[in-house]
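The values are calculated or read from the model by the stated rules, or taken from the named source; none is laboratory data. In this text the structure is predicted, and so the values were computed from the model without any measurement. All Cβ positions, glycine included, derive from the backbone under ideal geometry; neighbour counts span all protein chains shown. Quick note on the areas: whole protein, heavy atoms, side chains included, nothing else; ligands and nucleic acids left out. Shrake-Rupley method; radii C 1.70, N 1.55, O 1.52, S 1.80 Å.
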Amino acid sequence: MADKSEALKELSSFFKERGFNEMGEIWYIQNGNIYLLCEYQEGYALHGFYLNLGYFFSDYSEKESSLEIPPKDSDWTVSFRLHEVLYDELHFDEAFDFDLPEEEYRKVMERFRSCFDNRILPYLLSKMNYESFLDFPCGFEGCLPPCYKFSKDDFEHYVKKTIAEQSGKKYFFDGFCKPSHKKTTKATKENKKIDNDARRKIGKHYGFKQASYCNWIIKENYFFYVQYNQYPYFDNVEYYVKPCYFDDILLDEINIWEQKSTLSDRAIVVSAPSFMLSRTDLPSHKDEEFSAETRERVWLGIFMKAQQLIDVFLSQNHDVDAFEFESLGLNSDDNDLASMLQMLHHQQYEKVIALATSLIENGKKGYLSWLRTDENGDVKSKSLYDYVIEYSRRKNSISFQSAAESQKIK
């Protein structure tokens, strides 16, 4: 089975052979003030890794450290995942999975090598100039959404100004100035505090508790939560629901997570499959528009909508035991696991065993398999579905014993 050490060694050799320099777990090629970068990112929700790609414009940043390149892709000028490049053509999977059988893992790496050499690298190198960023992301097939770390308008003026200067022309734009990374960082921290305080205040008014980027509430044995996805210049919120028994079975009875979980954990750390009820895009904002008053108005609208969604949902699904997500057209991040938890709640253990066995035979493990680790921090060989099968057999055996004892009494 592949591991991080082996993957880094292979990637380091691969990128160096193609002219990349190495800085920690980042590989880069430089063309003047423009850097093309690739970063190894360890998987959090899987036993494997991602490859982040991007560009960094060194003259469009006031660096806080002596490092020429920021050590995190979140500080690059533009960043995206490998699978987003030429997606319609290449259809790369998002992650590299160490749990694949050795032969399959080698095939994935061979395909990566071939596609990177023949399509991805030539494509990204061809964009390594200021002209390519005039209409970004229009000129970058599949790289959506891009991560602009500064104002898109300012970045556009910066590109135009640089092109003009390179051709010996003057570029006039009174409002343009180079970004100050330190000032941006300070403003961002202040804004986050204002935003968090406003979200906590309004959420509390509606009965929600706050945990990191989520606000949650329990009503009629359903766990509802509002998830805040924040980006530098755009953000949105997503509204989710799941039966409380999903987490009760998965975390308390099967005990898939080997630490004691709190109610807050069930929204932000680890949780059973949830179902999205709605999504709301929030208006873009600038530092000067940030205030407690403006953010409280934003969150008032968000929690009013949350309350409306909850009221409508409960009016149609007041009996949690009769909740059928498929008939409602709802999808989770793992419909198979959701189906199994629903079956377990109704004590349909043999159906669960059959479904989990079929999934394992087809090479699936379940997206929470990474939660079981050994003393070295490595993922154990058992998948989530193995634990579900063990639990189902144990419960099924208890049911048979209870039925047999009841028969004897009669």
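Pick from region 213-224 the residues that are at pLDDT 90 or above and open to solvent by less than 10 Å² (accessible area, probe 1.4 Å): which of them is farthest from the chain's Cα centre (by Cα)?
Applying the filter and picking the extreme gives TYR222.
I'm trying to understand the selection: among the residues of region 5-34, which are open to solvent by 10 Å² or more (accessible area, probe 1.4 Å) and either modelled with pLDDT under 90 or in a strand (DSSP E or B) (or both)?
ASN21, GLU22, MET23, GLY24, TYR28, ILE29, GLN30, ASN31, GLY32, ASN33
Quick check: is even one residue across region 371-387 in a helix (DSSP H, G or I), modelled with pLDDT under 85 and more than 26 Å from GLU220 (Cβ to Cβ)?
Checked against the condition, which is being in a helix (DSSP H, G or I), modelled with pLDDT under 85 and more than 26 Å from GLU220 (Cβ to Cβ), region 371-387 yields at least one hit.
Each row is one residue, and each column tells you yes or no for (1) within 28 Å of ASP334 (Cα to Cα); (2) of a type outside the set (A, V, I, L, M); (3) buried (at least 21 other Cβ atoms within 10 Å of the Cβ); (4) modelled with pLDDT of 85 or more.
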site	(1), (2), (3), (4)
CYS38	no, yes, yes, yes
ALA45	yes, no, no, no
TYR60	no, yes, no, no
GLU89	yes, yes, no, no
LEU100	yes, no, no, no
GLU103	yes, yes, no, yes
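Report yes if SER114 is over 30 Å from SER383 (Cα atoms), surrounded by fewer than 15 Cβ atoms within 10 Å (Cβ to Cβ) and at pLDDT 90 or above, otherwise no. Walk me through how you get there before you give the answer.
Working: over 30 Å from SER383 (Cα atoms): yes; surrounded by fewer than 15 Cβ atoms within 10 Å (Cβ to Cβ): yes; at pLDDT 90 or above: yes.
For SER114, the condition - over 30 Å from SER383 (Cα atoms), surrounded by fewer than 15 Cβ atoms within 10 Å (Cβ to Cβ) and at pLDDT 90 or above - is met.
Which one is farthest from ILE310 (Cα to Cα) among residues in region 166-184 that are open to solvent by less than 100 Å² (accessible area, probe 1.4 Å) and either of a type outside the set (Ser, Thr, Tyr) or at pLDDT 80 or above (or both)?
Filtering first and then ranking leaves GLY168.
Residue by residue, here is whether (1) modelled with pLDDT of 95 or more; (2) assigned to a loop (DSSP other than H, G, I, E, B); (3) crowded, with 19+ Cβ neighbours inside 10 Å; (4) among the β-branched types (Val, Ile, Thr) holds:
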position	(1), (2), (3), (4)
ARG297	no, no, no, no
LEU341	no, no, yes, no
SER358	no, no, no, no
LYS365	no, yes, yes, no
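Can you pull out every residue in region 320-337 that is open to solvent by less than 70 Å² (accessible area, probe 1.4 Å) and out of contact with any strand residue (DSSP E or B) (no Cβ under 8 Å at 6 or more places or on another chain)?
ALA322, GLY329, ASP334, ASN335, ASP336, LEU337
This table checks each residue for (1) of a type outside the set (Lys, Arg); (2) open to solvent by 60 Å² or more (accessible area, probe 1.4 Å); (3) more than 23 Å from the chain's Cα centre (by Cα); (4) modelled with pLDDT under 90.
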{"position": "LYS186", "(1), (2), (3), (4)": "no, yes, yes, yes"}
{"position": "LYS189", "(1), (2), (3), (4)": "no, yes, no, yes"}
{"position": "LYS193", "(1), (2), (3), (4)": "no, yes, no, yes"}
{"position": "ARG199", "(1), (2), (3), (4)": "no, no, no, no"}
{"position": "ALA211", "(1), (2), (3), (4)": "yes, no, no, yes"}
{"position": "VAL226", "(1), (2), (3), (4)": "yes, no, no, no"}
{"position": "GLN230", "(1), (2), (3), (4)": "yes, yes, no, yes"}
{"position": "TYR239", "(1), (2), (3), (4)": "yes, no, no, no"}
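Hey, among GLN407, GLN401, which residue is surrounded by fewer than 16 Cβ atoms within 10 Å (Cβ to Cβ), over 20 Å from GLU253 (Cβ atoms), over 28 Å from the mean Cα position of the chain (by Cα) and modelled with pLDDT under 85?
One residue alone meets the criteria, GLN407.
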